[in-house]
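Report on one structure; see the data block that follows.
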Amino acid sequence: MTIYDNVLNAEGALIVGAGLAGLFCALKLAPRPVTVLSPKPLGLGASSSWAQGGVAAAVGQGDSAEAHARDTDIAGAGIVDFELAESVAAEAAERIEDLAKWGTPFDRDEKGQFILSKEAAHSVNRVVRVSGDRAGREIMAALIEEVRNTPSIRIVEGITAVDLARADGRVIGVYARKLGDRYAEPVLIRARATVLAAGGLGGLYAVTTNPPGVRGHAMGMAARAGALIADSEFVQFHPTAMAVGQDPAPLATEALRGEGAILVNDLGDRFMLDVHKDAELAPRDIVARANFRQIQEGRKVFLDTREALGSRIYDAFPTVANYCKEAGIDPAVEMIPVTPAAHFHMGGVKVDDRGRSSLAGLWVCGEASCTGLHGANRLASNSLLEAVVFGARIAEDISGLEPINKSLPPYLGIEWDEEKGEEAERMLRNLTAVQQLRHIMTNYVGVERSEESLKTALRKIRELEETARDVTRSYLNMTVSATLVAAAALQRTESRGGHYRSDYPEKNPKFRDHTTLTLTEALKIRDAC
Ligand SMILES: Cc1cc2nc3c(=O)[nH]c(=O)nc-3n(C[C@H](O)[C@H](O)[C@H](O)COP(=O)(O)OP(=O)(O)OC[C@H]3O[C@@H](n4cnc5c(N)ncnc54)[C@H](O)[C@@H]3O)c2cc1C
């Protein structure tokens, strides 16, 4: 059978998305058969490959899972599930060993101990890193090699899921189509267990650090199938994306501030000293808002690494140094212009502690999910940890349910057509309706929100759905995700973590709980605007 026939049976499990969460889950399922769908060749198009800081893990002397969970809880502004956070932190060491076993060359000292970085709101050095700021790239390279050498894993590249398929009250797979072929009839790929690992939604915003394909498709698809969505209003804006005219905006990792880099405006004022006792190492949302306000007031904001790092930046942070070089900036002698950018989604498809969603047959992991770990604001470098911990838990859960299958049909990869792939990417960038949606999100559902801005956003998103000429299912997945973020943000009449309401600037104890919404409920909120 080829992919052009309209039904394909995935033996065993089907994993939608090939970032860290998807690939880790696939490896943990081995030798059980699994099919992994990736829109692009493995490694491309995933936020995981772009991670710079590393993986948070309480593996240092004197550190503990409890201390890690406590920091997670404080950053999460009162709505972290503490027990869950403790259990995730407790599994970190084992998952790091898995990554090392599969070839990740973590930075270690001469005694073989991990070199640990400090990032904002961690009380100790706790971030396991690789080649300075190359964690994502190196971890993914190691896993991709392992995946390619694992006979039970079938990779299908060049294909994107547009809908979940359901029958008899459960998810039975996905409808998918060739990337760049928007009008092709989707293929049904059936599976006994479906794992959604298709990433977050940063790319729904005009200013983002996320790859272009990461635009809320996973949450939109699941919500359209009836899944319960949690905490969708909580979007984390990274304070220091580089303002160098690129989309997506390259990231200047927080670890630079951990090393002593400071934020100044174009008047030379180190404004964070007046904002928070921890200055540049204050929680991310506070730094992002401070930068946002400077920019709103007409100032420019710069990250100054000159004194803290000087020319050491070239070796210690090669990724950032390279981004600077591409933008014509020498960070040893020049300051880096920065801006807040949509970076991480704390919310997503609601799952339990085994990664099960509210829909039978559907598991969700990685940034697409909401496990309750991050609360209202993610602690730096907790997301790669969550991706591997839940990738492993889901594999275990599915293994308990699914009998091992003996053999797999042959490899069914679609040849990657470079030209067509590039064309699809250009289309994604330029498509007017997509760009309009992204500007609505940045302008009205961004770093600061209000009742007025959120109602405007909901009305404008509805208008887009009604008037956009080509409302594909893929586009609907984006508008649905955008609606869920704005509707939940409208309902939460307080400020907490990544969600800041200029009309309700304080925390309200009444809201000390997760938001849960179905798409039907979100549409009701929208239609009342
Ligand atoms: C620049 C940057 C730096 C970061 N640094 C760190 C860090 O240092 N530490 C940390 O913990 N976190 C970091 N994060 C966050 C972290 O990288 C992500 O949260 C995490 O990698 C998400 O993993 P994932 O597997 O869920 O999603 P992703 O890695 O984004 O993978 C999603 C996969 O799904 C695919 N996909 C998307 N839509 C579809 C579809 N419709 N059908 C099929 N497949 C689809 C994508 O192509 C991709 O393969 C960073 C994020 C960014 C953007």
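The values are calculated or read from the model by the stated rules, or taken from the named source; none is laboratory data. Keep in mind that this is a model prediction, so the values were computed, not measured. Glycine also receives a Cβ, built like all others from the backbone with ideal geometry; neighbour counts cover every protein chain displayed. In case anyone asks, the SASA skips ligands and DNA or RNA and just uses the protein heavy atoms, side chains included. Shrake-Rupley method; radii C 1.70, N 1.55, O 1.52, S 1.80 Å.
Can you confirm whether the stretch 222-241 contains a residue that is over 19 Å from the mean Cα position of the chain (by Cα), open to solvent by 10 Å² or more (accessible area, probe 1.4 Å) and among the charged types (D, E, K, R)? Yes, the stretch 222-241 contains a residue that is over 19 Å from the mean Cα position of the chain (by Cα), open to solvent by 10 Å² or more (accessible area, probe 1.4 Å) and among the charged types (D, E, K, R).
One line per residue, one yes/no per condition, for (1) more than 12 Å from the ligand (Cβ to nearest atom); (2) within 25 Å of residue 517 (Cα to Cα); (3) in a helix (DSSP H, G or I):
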site: 161; (1), (2), (3): no, yes, no
site: 165; (1), (2), (3): yes, yes, no
site: 185; (1), (2), (3): yes, no, no
site: 233; (1), (2), (3): yes, yes, no
site: 247; (1), (2), (3): yes, no, no
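Looking at the stretch 289-351, the strands (runs of 3 or more DSSP E) lying wholly inside it that each contain 2 or more residues that are closer than 17 Å to residue 53 by Cα and modelled with pLDDT of 95 or more sit at 336-345.
Is it true that residue 87 is within 14 Å of the ligand (Cβ to nearest atom), polar (S, T, N, Q) and either surrounded by fewer than 24 Cβ atoms within 10 Å (Cβ to Cβ) or without any contact (Cβ under 8 Å) to a residue 12 or more places away in the chain (or both)? Considered against the rule, which asks whether it is within 14 Å of the ligand (Cβ to nearest atom), polar (S, T, N, Q) and either surrounded by fewer than 24 Cβ atoms within 10 Å (Cβ to Cβ) or without any contact (Cβ under 8 Å) to a residue 12 or more places away in the chain (or both), residue 87 comes out as no. Candidates are the residues of the stretch 122-150 that are in a helix (DSSP H, G or I), farther than 14 Å from residue 47 by Cα and open to solvent by less than 20 Å² (accessible area, probe 1.4 Å); the one that is nearest to the ligand (Cβ to nearest atom) is 143.
Considering only residues that are farther than 17 Å from residue 202 by Cα and of a type in the set (D, E, K, R), look in the stretch 445-461 and name the one that is surrounded by the most Cβ atoms within 10 Å (Cβ to Cβ). Across the stretch 445-461, the extreme among qualifying residues is 460. No other residue among 177, 170 is open to solvent by less than 40 Å² (accessible area, probe 1.4 Å) and of a type outside the set (A, V, I, L, M, F, W, C) apart from 177. Mind checking whether some residue in the stretch 207-220 is more than 12 Å from the ligand (Cβ to nearest atom), open to solvent by less than 10 Å² (accessible area, probe 1.4 Å) and not basic (Lys, Arg)? Checked the stretch 207-220: no residue is more than 12 Å from the ligand (Cβ to nearest atom), open to solvent by less than 10 Å² (accessible area, probe 1.4 Å) and not basic (Lys, Arg). Here residue 311 passes the criteria (1) surrounded by fewer than 14 Cβ atoms within 10 Å (Cβ to Cβ); (2) hydroxyl-bearing (Ser, Thr, Tyr); (3) closer than 18 Å to residue 242 by Cα except the one numbered (3). For the stretch 245-266, the set of residues classified as open to solvent by less than 40 Å² (accessible area, probe 1.4 Å) and of a type in the set (A, V, I, L, M, F, W, C) consists of 249, 251, 252, 255, 256, 261, 263, 264, listed by residue number. For the stretch 433-474, what are the residues that are more than 19 Å from residue 523 (Cβ to Cβ), out of contact with any Lys or Arg (no Cβ under 9 Å at 6 or more places or on another chain) and at pLDDT below 95? If the condition is that a residue be more than 19 Å from residue 523 (Cβ to Cβ), out of contact with any Lys or Arg (no Cβ under 9 Å at 6 or more places or on another chain) and at pLDDT below 95, then 469 is the only one that fits. Comparison of 67, 93, 18 shows that the only residue that is within 10 Å of the ligand (Cβ to nearest atom), open to solvent by 10 Å² or more (accessible area, probe 1.4 Å) and of a type in the set (A, V, I, L, M, F, W, C) is 18.
Of everything in the stretch 352-369, what is among the hydrophobic types (A, V, I, L, M, F, W, C), open to solvent by less than 20 Å² (accessible area, probe 1.4 Å) and either within 12 Å of the ligand (Cβ to nearest atom) or in a loop (DSSP other than H, G, I, E, B) (or both)? Give them in sequence order. Of everything in the stretch 352-369, those that are among the hydrophobic types (A, V, I, L, M, F, W, C), open to solvent by less than 20 Å² (accessible area, probe 1.4 Å) and either within 12 Å of the ligand (Cβ to nearest atom) or in a loop (DSSP other than H, G, I, E, B) (or both) turn out to be 364, 365, 368. As a summary of the residue check, residue 210 satisfies the conditions (1) part of a strand (DSSP E or B); (2) within 24 Å of residue 51 (Cα to Cα) except for the one numbered (1).
Restricted to the stretch 35-64, and to residues there that are among the β-branched types (Val, Ile, Thr) and open to solvent by less than 30 Å² (accessible area, probe 1.4 Å), the residue that is nearest to the ligand (Cβ to nearest atom) is 55.
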